[in-house]
Amino acid sequence: MTPWLGLAVLLGCWSLGHWGAEACTCSPSHPQDAFCNSDIVIRAKVVGKKLVKEGPFGTLVYTIKQMKMYRGFSKMPHVQYIHTEASESLCGLKLEVNKYQYLLTGRVYEGKMYTGLCNFVERWDQLTLSQRKGLNYRYHLGCNCKIKSCYYLPCFVTSKNECLWTDMLSNFGYPGYQSKHYACIRQKGGYCSWYRGWAPPDKSISNATDP
């Protein structure tokens, strides 16, 4: 496997058909899962971009101004550039320059940060207050929990470390109500449950804040 194809697998994207007739396909992911499974999570503003000749259709390299890092201090304490495929069919990401601040998640590969359509990327002003609080401290509390997707009824949790994610039943995945307002956090007795609140979770209460 070539390094470039290996990177495509690493980013969690896959393509259908032959080049020229491909489509980027991504599995839905709760923001907490995206946070916990990413090497880098930052808030940043894009200040420039250029196309370089890497990969089959080139690579877009965005120059960013990093505002805050939420995850990834040990891998890359300061990010100046992010890389993505130039082609949207290969999960390339299109970002506005000098316009918005973004929440960006991605992987580190050979000392560079890569992101794409299968990563969690959102304008900062579109995030809910609960999502912002999740980035600051709640999501990392739940990285040992498992968010289990429910695509059709009936569906059940099968272990005490699971939270049942039901956004797909009505919202076809992100951005449903659980994605916008809840974090899956370990509670009393080692059980994981959905949490929403203005203060850190009360460890003496179990399952009291399920949606």
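Checking the stated criteria, Tyr100 turns out to be open to solvent by 20 Å² or more (accessible area, probe 1.4 Å), aromatic (Phe, Trp, Tyr) and over 11 Å from Asp39 (Cβ atoms). Hey, any hits in the stretch 45-58 for a residue that's open to solvent by 30 Å² or more (accessible area, probe 1.4 Å), within 28 Å of Gly176 (Cβ to Cβ) and not assigned by the TED database to the domain that holds Thr166? Yes, there is a match, as at least one residue in the stretch 45-58 is open to solvent by 30 Å² or more (accessible area, probe 1.4 Å), within 28 Å of Gly176 (Cβ to Cβ) and not assigned by the TED database to the domain that holds Thr166.
Against the criterion of being over 18 Å from the mean Cα position of the chain (by Cα) and surrounded by fewer than 17 Cβ atoms within 10 Å (Cβ to Cβ), Val61 does not qualify. So which residues in the stretch 87-97 are part of a loop (DSSP other than H, G, I, E, B), surrounded by fewer than 20 Cβ atoms within 10 Å (Cβ to Cβ) and not hydroxyl-bearing (Ser, Thr, Tyr)? Those that are part of a loop (DSSP other than H, G, I, E, B), surrounded by fewer than 20 Cβ atoms within 10 Å (Cβ to Cβ) and not hydroxyl-bearing (Ser, Thr, Tyr): Lys94, Glu96, Val97. Taken as a whole, the structure leaves Val46 outside the set of residues that are assigned to a loop (DSSP other than H, G, I, E, B) and among the β-branched types (Val, Ile, Thr). Where strands (runs of 3 or more DSSP E) fall wholly inside the stretch 108-149, the ranges with 1 or more residues that are aliphatic (A, V, I, L, M), closer than 11 Å to Cys36 by Cβ and open to solvent by 10 Å² or more (accessible area, probe 1.4 Å) are 146-149.
If you filter the stretch 69-82 down to residues that are modelled with pLDDT of 95 or more and open to solvent by 90 Å² or more (accessible area, probe 1.4 Å), you find that the one that is nearest to Arg107 (Cα to Cα) is Tyr81. Identify the residue in the stretch 153-172 that is under 18 Å from Cys143 (Cα atoms) and not polar (S, T, N, Q) and, among all such residues, is nearest to the chain's Cα centre (by Cα). Restricting to residues being under 18 Å from Cys143 (Cα atoms) and not polar (S, T, N, Q), the top hit is Trp165.
The values are calculated or read from the model by the stated rules, or taken from the named source; none is laboratory data. Just so it is clear, the model here is predicted, and its values are computed rather than measured. Cβ atoms come from the backbone with ideal geometry, glycine included; neighbour counts cover every protein chain shown. Areas reflect the complete protein model, heavy atoms only, side chains present, ligands, DNA and RNA absent. Shrake-Rupley method; radii C 1.70, N 1.55, O 1.52, S 1.80 Å.
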